[in-house]
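Undergrad: Pasting a structure here, questions to come.
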Amino acid sequence: MIFTVGMLLLLTVTDLIAGLMAGTEPVVGLGGQLVQPGHAAALEVASWLSELPPMLGFTAIALLISVLSRSSVAGIGVWCCSPCCCKS
């Protein structure tokens, strides 16, 4: 779980650094509105934080599968094989 949160934090920081390197001009949003740089940074942080619950959920399920099967490969493999099983 610590690795998951650490990777999310790393992605958030690198995203913010890339935004700062791009400049201080307003950003054009998806609806065509201009978003000020400070507000855009806050939106970036909020969007990355919204990814935390699903990431922790997927990590918890992978850990559960790994513990139940006593195989670390099974925890990773469940996510590789699940798209094949979940097609409708």
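The values are calculated or read from the model by the stated rules, or taken from the named source; none is laboratory data. In this text the structure is predicted, and so the values were computed from the model without any measurement. We place every Cβ from the backbone using ideal geometry, glycine too, and count neighbours over all the protein chains shown.
Undergrad: Filter segment 26-57 down to the residues that are under 30 Å from residue 75 (Cβ atoms), small (Gly, Ala, Ser) and touching a helix residue (DSSP H, G or I) at 6+ places or on another chain (Cβ under 7 Å) and list them by number.
TA: none
Undergrad: Residue 36 passes all but one of (1) touching a residue at least 12 places away in the same chain (Cβ under 8 Å); (2) touching a Pro at 6+ places or on another chain (Cβ under 6 Å); (3) surrounded by 11 or more Cβ atoms within 10 Å (Cβ to Cβ); which number fails?
TA: For residue 36, the failing item is (1).
Undergrad: Residues in segment 36-88 that are within 17 Å of residue 15 (Cβ to Cβ) and either modelled with pLDDT under 90 or in a helix (DSSP H, G or I) (or both): how many?
TA: Counting residues in segment 36-88 that are within 17 Å of residue 15 (Cβ to Cβ) and either modelled with pLDDT under 90 or in a helix (DSSP H, G or I) (or both) gives 15.
Undergrad: Which count do you get for residues in segment 5-35 that are within 23 Å of residue 51 (Cα to Cα), of a type outside the set (Ser, Thr, Tyr) and not in a strand (DSSP E or B)?
TA: 17
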